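The values are calculated or read from the model by the stated rules, or taken from the named source; none is laboratory data. Note that the structure is a prediction, hence the values are computed from the model and not measured. Cβ atoms come from the backbone with ideal geometry, glycine included; neighbour counts cover every protein chain shown. These accessible areas exclude ligands, DNA and RNA; they are computed on the full protein's heavy atoms, side chains included. Shrake-Rupley method; radii C 1.70, N 1.55, O 1.52, S 1.80 Å.
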Amino acid sequence: MMKNFTYDLNINSIAKYPASPRGSSRLVRVDGEGSVSHYKNFSEAFVSLAKKGSHVVFNQSKVVNARLSVKEGEKGNNSGIEMMILDLGECIDELCNDVKLTVMIRKEEVSVGDIFTEETCGTGTFIVVDVICPWIEDEKVMGMILNVQSPT
């Protein structure tokens, strides 16, 4: 039965960040005959389209509180740096000592081996194991996207 919902989706069509302003995301509707309709605003279209007997398909993504304030190094030279965890992988319900996390950090110059410490408790330490690419918003570099893990 799930094969009825399988389709090819271009990787560039998947949102990587929330729409700005929030609620302005688009909507695609496929009716029972396979006719496709596109709507420019999800919030405006959804309520009128969701009628009794409608089927709404959601993905399995999870929203977690993943915004941290970190400082450079274990002693904390430069503090107040924003780090957002993008993917917790399979470790959401268990300890993640050796798990590699993908994060965005509001700092432009980051290198493999750099260490960041969570500021609130000072107990979470992250070491940069891969620098993936710049974090770009509105055509402006806001920081870097990295893979980090706890030092062993």
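Kindly establish whether R22 is modelled with pLDDT under 75, open to solvent by 50 Å² or more (accessible area, probe 1.4 Å) and over 19 Å from L101 (Cα atoms). Yes; evaluated as a whole, the condition is true for this residue.
Residues in region 27-76 that are under 29 Å from I105 (Cα atoms), in a loop (DSSP other than H, G, I, E, B) and either at pLDDT 75 or above or in contact with a strand residue (DSSP E or B) (Cβ under 7 Å, 6 or more places away or on another chain) (or both): A66, G73, E74, G76.
Among the residues making up region 92-107, those that are closer than 18 Å to L146 by Cα, modelled with pLDDT under 85 and either surrounded by fewer than 12 Cβ atoms within 10 Å (Cβ to Cβ) or not β-branched (V, I, T) (or both) are C96, N97, D98, K100, L101. Taken as a whole, the condition of being at pLDDT 85 or above and either in a loop (DSSP other than H, G, I, E, B) or loosely packed, with under 11 Cβ neighbours inside 10 Å (or both) does not apply to C121. If you go through region 104-127 and keep only what is more than 15 Å from A66 (Cα to Cα) and within 18 Å of the chain's Cα centre (by Cα), you end up with just K107.
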